[in-house]
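Below: the structure, in structure tokens.
The values are calculated or read from the model by the stated rules, or taken from the named source; none is laboratory data. Since the structure is predicted, the reported quantities are computational estimates derived from the model, not experimental observations. Here the Cβ positions follow ideal geometry from the backbone for every residue, glycine too, while neighbour counts run over all protein chains shown. Just so you know, the surface numbers come from the protein's heavy atoms only, side chains and all, with ligands and any DNA or RNA stripped out. Shrake-Rupley method; radii C 1.70, N 1.55, O 1.52, S 1.80 Å.
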Amino acid sequence: MLSSFPKTTLVHLVLLLILCKFSKSYIVDSNPNHHKEVLDSRGKYVLEWLVDLESNTIVFNVTVNTKGYVGFGLTKDGRMNGADVVIGGVKPDGESYFNDMHVTSNRTLRNDRNQDWKLLTAWEKGGFTFLSFSRLLDTCDENDYLISLDQITLIWAYSERDEIENHYQNRGTFSTYLLDPDVTPDIDALVNQRNRPTISTSSGPVQQWKLQRRYRLPARRTSYWCSIHAGPKLPHKHHVIGFRTYLENEDARKHTHHLLVYRCKAPEGIDPQVFFEPFTKYPGEECFLNENRRIPLNLCRDVFSVWGYGGKPFFLPETVGFPIGESQNEYFLFEAHYDNPDLRSDLEIANGVEYFITPKTRKREGGVLIVGFDIPGSLAAIPPGSSNFSLIGHCNPNCTKTMMPSQGVDVVAVGLHAHTAARQIRLRQFKGDQELPWLMNDDNFNPNFQQVRLLQQERKIMPGDQLISRCNYDNTYANGTTTITGFGTPDEMCLSFVIIANKIPYFRCTSEYPAQKLLSLLGVEDVIWDIERQQRLVTSPPLLQGLTLNQVADYHVHWTEELRMHLEKDIMYSPHVVTCPTSAVPSAQQFLMPFSQQLGQSAVNAGGQQLQEIVRRVVSQLLQLGVRGILQSAGSRSSGQGQTSVSQLPTFGGAPVFPQGTPATGVSGLGVPPNVEYPKGATVYRPKPSCTRPSAGEQFYKVSSAYPQVGHNGLKRAHVRTLRT
């Protein structure tokens, strides 16, 4: 009801929206709670909204190129059934109309008993209809959609007539996070030289650098392609303040699943240009499980930017920048995940990342930390027909004790990442046995809209804190098949990309569920990776030899509810193997150590110009032959044509060519204990509902045991829209 929140607040919100609408000022538009989106491809439906968290109020403005009615609604997934809808407009005589409605199960519009949406302003002029309306974030009305931090799909429609129709010619959907702050400027103005004097008042002069490539996809479902690129030539250190993805056309948008860019560091004592420049002329290669590897992935570990399918441009808070141009010779690794479900051989994809850079360095230098269930490395399965199955990945408190400075790090944004079966993702933070409010949460995760999201308020991670990425999956759509963790879109992941405002020399803090535990549950003794089929093949026992791991899980395992729950509990609550890395870049001698038999120990111990020349020669051989070929004289073995065993993969400087760890082994250069568990007896967090509901409970709950029964434990539910711990 209108009286439920201060009238002065509404007046201020509406006035600010009007100012934003008619002003070209970057300062006004930089209000992080003011948003503007064009919902249709023809630019005829423009939506603005402004959030006031203190009064739990949201105001919407819609400007639509029509003289008829305008429809707007909130849904979970874009489907009409159950939608929370408003329809309004201005009649020919100037009288406005506006109704708070909902859609029934048979797609029929019905007026709500409680008219919680309130019309503030309406006018029609020059063929445009303008409506301004508001409501509380949570009206406690069962016919109104709860506006929360979860992803929400907006539905929109308009007509040239005022008579309301059920079948709209002009309609669509739009996914967003209504409550997230956003500091993305008007990018068209930002890159337009004539408008830069206005823009640069807060950002300084802004220039662009685009990292891009063109790649012909092979006729297989999944490709991870890596290539090395030279950075921009800058006279001194600059800061990246934001980035957006370059996708050339619809094929690029459809088939590019994620893009990651890493900063590369040459071995200590080696000129980066000597080491990396030859790789810039190399078109690239498969990133992972590639037995003819040339690119040394372990030297490119510092995550520089991340983008997931459907993500929009991302800009950092005004006090944070990512350093670039610290030296004249900087190099970056570009990793792209391509999804080719139709196995087309004619796809040539051009994509990349466009960075916005300013010479006006900001107060804080940020970075990216990956937290979650380690891929590659870990191995887990989501049994067939699972509607709410959980996986978690830990960041060990012993890791954070060493990784984090004494004052901690400030979290400003988080990107949640998983694949097709994911429905919920939550980044949790524990201090001892007390859970703090979630760092990020989405109980309505949309795999087709993976946005890096600014936090409403910065959060701090302190030494000794434990972080847990938890994902819930629903694979009931998958025709009774098992979902295995892995690289492809049909496989699954559970990762959180944590954007921090004070950069640390570490990039990853994850855990692995021991692969052997799952193999034992499936009756499998050993597997290898088939590069051509991109599947794990069983090598023993003989009865299952030659089958893929998915085939074993689908046809040779009887998935009872008890077995499903046993696996989920074991993944959730049994010890994981720690995978927090060292930060040290290997020295030139460490880099050359795998080649010592070929080069001779005296060459490995060389120094100065001789060492630079030896490294140049080794890099040249890498590019010509690949790792497998150059290491053969050093005793490297292959397990068969197109197949490789993870234990036989070559290494650079003692570090595996995986970006992190190998299955069932802890990579713990920090000297931390090898295992990590779910906090025993922890008090877990639940958000307090904004209004009284029958299912509402307290904010914190005690886990009933150190090894609770998942889905059937003593945890109370705090809110009908949140699920298990």
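Before moving on, here are some points about what is shown:
- Filtering region 85-102 to residues that are among the charged types (D, E, K, R) and in a strand (DSSP E or B) leaves only ASP100.
- Among the residues of region 323-366, the ones that are under 30 Å from GLY204 (Cα atoms), basic (Lys, Arg) and either in contact (Cβ under 8 Å) with a residue 60 or more places away in the chain or not in a loop (DSSP other than H, G, I, E, B) (or both) come to 3 in all.
- In region 501-529, of all residues being in a strand (DSSP E or B) and aliphatic (A, V, I, L, M), the one that is modelled with the highest pLDDT corresponds to VAL527.
- Taken over region 234-273, the criterion of being under 29 Å from LEU592 (Cα atoms) and either of a type in the set (Asp, Glu) or part of a loop (DSSP other than H, G, I, E, B) (or both) is satisfied by CYS264, LYS265, ALA266, PRO267, GLU268, GLY269, ILE270, ASP271.
- Test: residue in region 530-541 that is among the basic types (Lys, Arg) and touching a Leu at 6+ places or on another chain (Cβ under 8 Å): yes
- Per-region count, region 103-115, residues assigned to a loop (DSSP other than H, G, I, E, B) and open to solvent by 50 Å² or more (accessible area, probe 1.4 Å): 6
- Of residues in region 288-300 being in a loop (DSSP other than H, G, I, E, B) and at pLDDT below 90, the one surrounded by the most Cβ atoms within 10 Å (Cβ to Cβ): PRO296
- Just so you know, in region 521-549 the residues that are open to solvent by less than 40 Å² (accessible area, probe 1.4 Å) and among the polar types (S, T, N, Q) include one that is nearest to LEU343 (Cα to Cα), and it is THR548.
- Condition check for VAL498: touching a helix residue (DSSP H, G or I) at 6+ places or on another chain (Cβ under 8 Å), β-branched (Val, Ile, Thr), surrounded by 17 or more Cβ atoms within 10 Å (Cβ to Cβ) and modelled with pLDDT of 90 or more: no
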